[in-house]
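Novice: So that we are looking at the same thing, I have put the structure below in structure tokens.
Every number in this text was worked out from the coordinates using simple rules, so none of it is lab data. Here the structure is a predicted model, which is why all the values come from computation and not from measurement. A quick note on method: Cβ atoms are made from the backbone with ideal geometry, for glycine too, and the neighbour counts reach across all protein chains shown.
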Amino acid sequence: MPKRPDVRKVLVIGSGPIIIGQAAEFDYAGTQACRALREEGVEVVLVNSNPATIMTDLSVADTVYLEPLTVSFLAYILGKERPDGVLATLGGQMGLNLASELGRSGVLTDLGIPLLGTPLSAIKMAEDREDFRNLMIELHHPIPKSRTVTTVEEGLAFANDIGYPVILRPAYTLGGTGGGFAHSAEELLVRLPHALALSPITQVLVEESIAGCKEVEYEVIRDGAGNTIIVCNMENLDPVGVHTGDSIVVAPSQTLTDYEYQMLRSAAIDIVSHLGVEGGCNVQFALHPDGRYWVIEVNPRVSRSSALASKATGYPIARIVSKIALGLTLPEIANPVTEDTTAAFEPALDYIVVKIPRWPFDKFPGADRVLGTQMKATGEVMAIDRTFPGGLQKAVRSLEMRRTGLNDPQLASLPPEAVWEGCITATDERLFYLAEGLRRHFRVEDMAEKTSIDRWFLDGIAEIIRWEEWLETQAGEWVDEAWKIKQLGFSDARIAELTGSTPAAVRAQRLALGVRPGYKMVDTCAGEFPARTPYYYAAYEPSREAVPLTGPKVLVIGSGPIRIGQGIEFDAASVYALNALKRLGYQAIMVNNNPETVSTDFNASDRLYFEPITLEDVLNIVDWEQPLGVVVQFGGQTAINLSEALTRNGVNIIGTGLEGLSRAEDRELFDALLGELGIKRPPGHTAIAAPQAIAAARDIGYPVLVRPSFVLGGRAMRIIEDQGQLEQYLSTSTEMGEGQPLLIDRYMSGLELEVDAVSDGDRVIIPAVMEHVERAGVHSGDSVAVLPPVRASRQVIEQVVDIATRLCRGLKVKGLLNVQFVAVNNDVYVIEANPRSSRTVPFVIKATGVPLVDLAMEASLTGRMDDRWGQGLLQPPEHFSVKMPVFSFAKLGQVDAILGPEMKSTGEVMGIDHDFSSALYKALIAGGFRVPAGGKILATIADADKAEALPYLRELAQLGYRIYATAGTLALLSSRGIPARPVYKIRERRPHLVDMIREGQFDLVINTISVGGDQEREGFLIRRAAVEQGILCFTSLDTVRAALEALRDRHRQTFSVHPLNEWLHVGQVR
Amino acid sequence: MKGTLLFEDGTRFDGTLIGDTGRMAAGEVVFNTAMTGYQEILTDPSYYGQIVVLTYPLIGNYGTFPEAAESLFPWAEAVIVKDDAPVPSHFGGAESFDSYLKRYHKVGLSGVDTRELTLYIRGAGTQHAVLAESGHDALDLAQALEAIDLSRSVYEVTTPEPYHIVHDGPHIVVIDYGAKNSIMEQLAARNMSVTVVPCTVTPGEIEAYRPDGIVLSNGPGDPSLFGDLLPTVKHCIAHYPTLGICLGHQLIGLAEGARTYPLKFGHHGANHPLMDHQTGKVLITSQNHGYAVEAEPLLDRYRIRLTNLHDQTVEGFQHREKPVLTVQHHPEAGPGPWDSHYLFDEFLTMVREWGDGNHA
């Protein structure tokens, strides 16, 4: 079947901001899709609201719209661009939902634009619970039996019919409240009445339990001619019941017999064929160890799992799916990895892949860590090795949780019952409890029985523990078994811990013995055919398959798993760096372990090492490749943290040298530099022990801002009002310690500003100044930022530029420097300076068109920068760009949605327009703001903020919005003649304000924090209810003030959509 | 105990001996890229005389158990793995890989860099090698290499006596050149009554079974050495609906005047794509063969039914008039994908239509 000749221009829908469950994997998929389509001569129009992506770079698509991903904005764009087709299955659930809505609303029909790839009918069939159920019944694929019941008798009869245990799922209760297992009729009689009572509509779904089964996934691709292949299957270590995104996953399956593998493979193909998918599809099964299976769900699109499958096999799913959307069939598409064979085959692996999720619980200590059907991980790591213990230990190292192996000393002191509990309950720490249990010689059979984890996995962990014990007792002889130990994935650091040595000594011993890894290729075919893929992993086997690249080459260190504070922005910067290196004539080598991202795509670099980012693993690569140097400034704190040790090991750091890096990071050195340069900063001190910290705070004067040094995203950063609070903070903080000083600064409330400068040590280019909407105190990553500034005075901006310039020179920056400022009146203070790529770099590139990373790479490598950009602060763009944070609170139970110095956002969106208010309005819309004309706003304002809030509420009322308030605020509003309606506090009567939020009564919640007492608790409940209901909740009056500006103008403005190409005057201007 | 796999050209791979460690093994070395089904592979009689390298590094995870066997016991000469699981994990229990090999007096080598070994075979082509304890007497090894003789392989693996699997559908005679159980299972699953006969069966004996159709099974070795078997093959395709599988396909090719030729390192795995020219669709197939049939001399009587999408070799013929279908791959799977099961449906249809024609 030839390519459809009628499709010459395609609109690709991106997935929008990064949220838990919809992350960097869609940048990877979308980028691959755009490239694949253009390869076929198709013009690509891309729409995505997320500036921190590679897919929104003008080199990836012909035309890029950074506009909100809503049906209305898409309709504007479709009307303007009139593409020949829309490709939506690469934009995650967001893309799929938009495609469905565009179809349902008639937009596609009216414009005569077809949806390419998987048809809407298939999407509907897969997504609609009833339709899908009926299809499975028709095809005789088992699904868990279930029935919706409204009485206890009905439930009892059904449960007796299908057998126990059963799961009870009350309808319309949040977070599954009241749900759970009933193991017997007796238990059902206790629990079902309770569950029915909790459901507002007295309905409970009684479902056959498949908990404890193995969870197995198949990644399927089907073309328009009906050819269907499996790219890969994957087995979850965690049994059914834990979201696959929160499970430890291996590929391929390890404990399935050939019969089981083929049975599920055939079922997956049957289902995908009957759905009529034309593209990628994921099918999830529960497999009972006795061989019975159930279909759990299907996703008729590329997904996180398909990104993992792509990276696990080398098979580029998104690319192939995009070609299928153009009408090509699998046998007509070449396998880009081997180049000689066809895409119509199934990859054969000769290694094991281990994926471990990265959870945000280090940032949210109060969050509920129990894992279930709601995904909680923000990112993941993947490791490739030849044995399961090897892959597992590599993956653990890649998590960057300060673990050298399966060790968690905190568990050693627990009583056995607590260890058993930790093994049985699925949490982020279960793996370490399992290791602890095996360390205590719990029987593997018992553990398998109680956890439903297949014993094969437990045997693998037990092997690690056996060798740990051996290392502890035979410390002197470890070198005799060095190959074996390294094959099992033990890091030098872990061997050093167990044998009482140091990592450096272990490394030296092993190098003396010639024990170093070889690098093996990921080739899709287990060595059967020659492959040209430049994609490798380390294995401690004698063979040396990878031959070092010839010519000048540079190693770029990636940013590892996506976590709050170190998100996709750093992967985007790494990819920009790879491209810049290639343009400058260097071979670009990448090391990273994140399977979701563009940087680990098979053709992003000249060579990819899929490895943990630790000193040991990076040094091994450096030893092997002997690059000219290593680039650390784009991989976030992950990469920067290695710079000192790399330098100590004689590795050349390309870019700002270690001296500059330390002078910026080390408090005392930085203070000295500022003193030298005559730059002001809020008074502050460094403390390494509690008494010192208390003295420092007294000296500086409260309120103070405390935070550990060397962390990203303001981990454990806090504003402290008095000594009592400080003492409490110190008693709970685990971050302070030797070599980990605590920073204590005077908290200054003012206007926050930020720049990303690039310098060759002399010349400094500042593309723009960003101004934060929220006052200092809200983490910069959680602030709304606008570029160029709208409030800062000229004097302030001049000072900002002057300080940044002097800092670049003072730190001898070669590359990027991010500086954050606070302006109080007209005095500008430096808050911090980071000599590396920052979270805002991709935003600045999109907003200004200045190729910051290219300039940084040029400065780093050659010591000079392209003259054509001039120097100093560049001419501000004529348009306004607004960056708005996006949060995932709804996914994380018990996490407070209040903003503060600790970063909480998971992603960002961008709005761009001629004026600030329109740009801001677009950013708000892209970020989920939905307030109709005359919409209802709940305002609960702390006493301290009431005066400040009054004019805003007054204007909101004047604009026709309906304000709801509790007694205190209501009285004040009424006394000032501002119309408002009463709501009850929780204590007063029902329905109270939280009930009303849950009923969907409000369109926006404004809640500022009250400290202490019932109000503090009530505030928390209000914010939780809002985020769980999917309503935007503003907790800063600054955000309200800005939003008001956008709302004030929305009646007057006509909205228009423009591609980034137009804003930046780059090509394609029509 | 340390063991060494020594190739004719002197190349060696070291590891730890598993299974019956006292044995020495000599044979042709091939690699198989299937990720599941190690027991099915070892018990496939087509691996007779071969030392099988499993490219998937973790073997024995789910142990071994009777239902997975493709014949009564493992036929491969030896097996080479990266790692074998000491404890099997399988519902209802299973035997460990090592213990299984021991029980059947098979030797294996574990701890080998099987990827490097595979790349070596890919470069050097199929070669002979000997596996023994490291440091074994060199002369002894040379003699063992010298003594490798695969010319009678089919006669070694065929059933000594005929046996029956009775159902009430059409009666199919399976000529056993080394047939896998899955073939008989596929026939039986379609209610066909099966008689499995030794490869030395004569045309007269076949007549006596009054079959409704014939299956020429898979089997080991170089097909060009089995000229003795061709008269019966010719008789079958002249008189009965016939399905040739793997060696059966090659023998039909030879019987019809084509030649066979060795592939550099063969097709052994579970992921090879074929195009079925009749349906226009791709099949992912189970493969295990070292030889292929040249197409040209057959094209006046046969259509090419299946082509390998990787190297474009012919993977199946369909007679233009007669009910004869041949496939180079393993439609019965075991191990491998079930995509080709419909070919057995097609065979059944061929048998039925031929029967209707005969009885009309």
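Novice: Over the Cα atoms of the range B:251-335, compute the convex hull volume and normalise it per residue, giving Å³.
Specialist: On the way: hull volume 8.0 nm³, N = 85.
Cα-based convex hull of the range B:251-335, divided per residue, equals 94 Å³.
Novice: How long are the semi-axes of the equivalent ellipsoid of the range A:916-959, defined as square roots of 5 times the Cα gyration tensor eigenvalues? Whole Å, largest first. Provide the component values of the computation, followed by the final result.
Specialist: On the way: eigenvalues 99, 32, 25 Å².
The answer is 22, 13, 11 Å, longest axis first.
Novice: Right, here's the next one. How large is the convex hull of the C-alpha atoms of the range B:131-187 per residue, in Å³? Working shown, then result.
Specialist: On the way: hull volume 6.5 nm³, N = 57.
Normalising the Cα hull of the range B:131-187 by residue number yields 113 Å³.
Novice: Bin by bin, in steps of 5 Å, what percent of the Cα pairs in the range B:199-291 do you find, going until the bin that has the longest distance?
Specialist: Calculated over all Cα pairs of the range B:199-291, the distribution is 3, 12, 21, 21, 18, 14, 8, 3, 0 percent.
Novice: Along its principal axes, what span do the Cα atoms of the range A:921-1070 show, with the longest given first and each in whole Å?
Specialist: Extents along the principal axes, in whole Å: 61, 32, 26.
Novice: If you filter the range A:110-194 for chymotrypsin sites (Phe, Trp or Tyr not before Pro), then keep DSSP loop positions with at most 12 other Cβ within 10 Å, what is left? If you can, show how the numbers build up before the last one.
Specialist: Values: sites: A:Phe132, A:Phe158, A:Tyr172, A:Phe181; in loops: A:Tyr172.
Here the sparse-neighbourhood loop sites are A:Tyr172.
Novice: Please state, as a whole number in µm²/s, the translational diffusion coefficient that the Stokes-Einstein equation yields for the range B:1-139 at 37 °C and 0.692 mPa s, with Rh defined as the Kirkwood radius across alpha carbon pairs. Intermediate values should be presented prior to the final figure.
Specialist: Values: Rh = 14.7 Å.
Taking Rh from Cα pairs, D becomes 224 µm²/s.
Novice: Taking the DSSP beta bridges in chain A as the whole, what percent of them are antiparallel, to the nearest 5?
Specialist: Antiparallel bridges: around 70 percent, rounded to the nearest 5.
Novice: Calculate for chain A the 222 nm mean residue ellipticity that helices alone would give, adding -39,500 (n - 2.57) per DSSP H run of length 4 or more and normalising by residue count, nearest 500 deg cm²/dmol.
Specialist: -11000 deg cm²/dmol
Novice: When all alpha-carbon pairs of the range A:873-943 are counted, what percent fall beyond 13 Å?
Specialist: 74 percent
Novice: Cα atoms only: what Rg and Dmax, in Å, come out for the range A:522-589?
Specialist: 15.1, 43
Novice: Could you work out, residue by residue across B:78-91, how many beta carbons of other chains sit within 10 Å of that residue's beta carbon, and then give the average as an integer?
Specialist: 4
Novice: Then there's this: Cα extents of the range A:562-660 along the three principal axes, largest first, in whole Å?
Specialist: Reported extents, whole Å, longest axis first: 33, 32, 23.
Novice: First select every other residue whose beta carbon is under 14 angstrom from the beta carbon of A:Ile453; then total the charges, Lys and Arg +1, Asp and Glu -1.
Specialist: -3
Novice: Provide the packing ranking of A:262-268, A:792-798, A:865-871, A:341-347, i.e. peptides ordered by the mean count of other C-beta atoms within 10 Å per residue, highest first.
Specialist: Ranking, from highest mean packing down: A:341-347, A:262-268, A:792-798, A:865-871.
Novice: Here is a follow-up. Taking the alpha-carbon centroid of each part, what is the distance from the range B:299-360 to the range A:1-33 in angstrom?
Specialist: 40 Å
Novice: Across all directions of projection, what mean area in square nanometres is found for the Cα convex hull of the range A:464-576?
Specialist: About 10.4 nm², averaged over all directions.
Novice: Quick one: what does P(r) look like for chain B with 20 Å bins over all Cα pairs, in whole %?
Specialist: The calculated distribution, bin by bin, is 31, 56, 12, 0.
Novice: Next question. Full-extension gain between A:Asp128 and A:Ala689, please, as 0.36 nm times their residue separation minus the C-alpha to C-alpha distance. Walk me through the intermediate numbers first.
Specialist: On the way: separation 561, 0.36 × 561 = 201.96 nm, distance 5.76 nm.
Contour length minus Cα-Cα distance gives 196.2 nm.
Novice: Using the beta-carbon distance between A:Val824 and A:Arg8 and R0 = 60 Å, what value does 1/(1 + (r/R0)^6) give for FRET efficiency, to the nearest 0.05?
Specialist: In this case the efficiency is close to 0.60.
Novice: Quick one: work out Rg over Rh on the C-alpha atoms of the range A:624-693, Rh as Kirkwood radius.
Specialist: A ratio of 1.09.
Novice: Taking the Cα centroid of the range A:254-297 and of the range B:148-206, what is the distance between the two, rounded to the nearest whole Å?
Specialist: Cα centres, the range A:254-297 to the range B:148-206: 32 Å.
Novice: How big is the range A:971-1039 on each of its three principal axes, counting only the C-alpha atoms and giving the largest first in Å?
Specialist: 33, 31, 27
Novice: Quick check: Cα centre of the range B:63-133 to Cα centre of the range A:599-648, how many Å?
Specialist: 38 Å
Novice: Run through every distinct alpha carbon pair of the range A:38-99 and return the Kirkwood hydrodynamic radius in angstroms, one decimal place.
Specialist: On the way: mean 1/r = 0.0824 Å⁻¹.
So the Kirkwood estimate lands at 12.1 Å.
Novice: So how far apart, in nm, are the two label points at B:His164 and B:Arg352 if each is 7 Å from Cα heading toward Cβ?
Specialist: The modelled label-to-label distance comes out at 2.4 nm.
Novice: Could you list the square roots of 5 times each eigenvalue of the Cα gyration tensor of the range A:823-881, that is, the equivalent ellipsoid semi-axes, sorted largest first and rounded to whole Å?
Specialist: Semi-axes from the Cα gyration tensor: 23, 17, 13 Å.
Novice: Would you mind calculating the relative contact order of chain B from Cα pairs under 8 angstrom and at least 6 residues apart, reporting the percent as a whole number?
Specialist: Computed over chain B, the figure is 15 percent.
Novice: Count neighbours as other Cβ atoms within 10 Å of each site's Cβ, and list the GluC sites (Glu not before Pro) in the range A:331-404 that are DSSP loop with at most 16 such neighbours.
Specialist: Those satisfying the criteria are A:Glu339.
Novice: How are the alpha carbon pair distances in the range A:336-380 distributed across 5 Å bins from zero to the largest one, expressed in percent?
Specialist: In order of increasing distance, the bins hold 5, 14, 16, 14, 8, 9, 11, 9, 8, 4, 1 percent.
Novice: Regarding the range A:670-710, what's the average projected area of the Cα-atom convex hull, expressed in nm²?
Specialist: The Cα convex hull of the range A:670-710, projected and averaged over all directions, gives 3.3 nm².
Novice: Now for a separate question. Using just the alpha carbons, could you tell me how many Å³ per residue the convex hull of the protein assembly as shown encloses? Walk me through the numbers before you get to the answer.
Specialist: On the way: hull volume 266.1 nm³, N = 1430.
Normalising the Cα hull of the protein assembly as shown by residue number yields 186 Å³.
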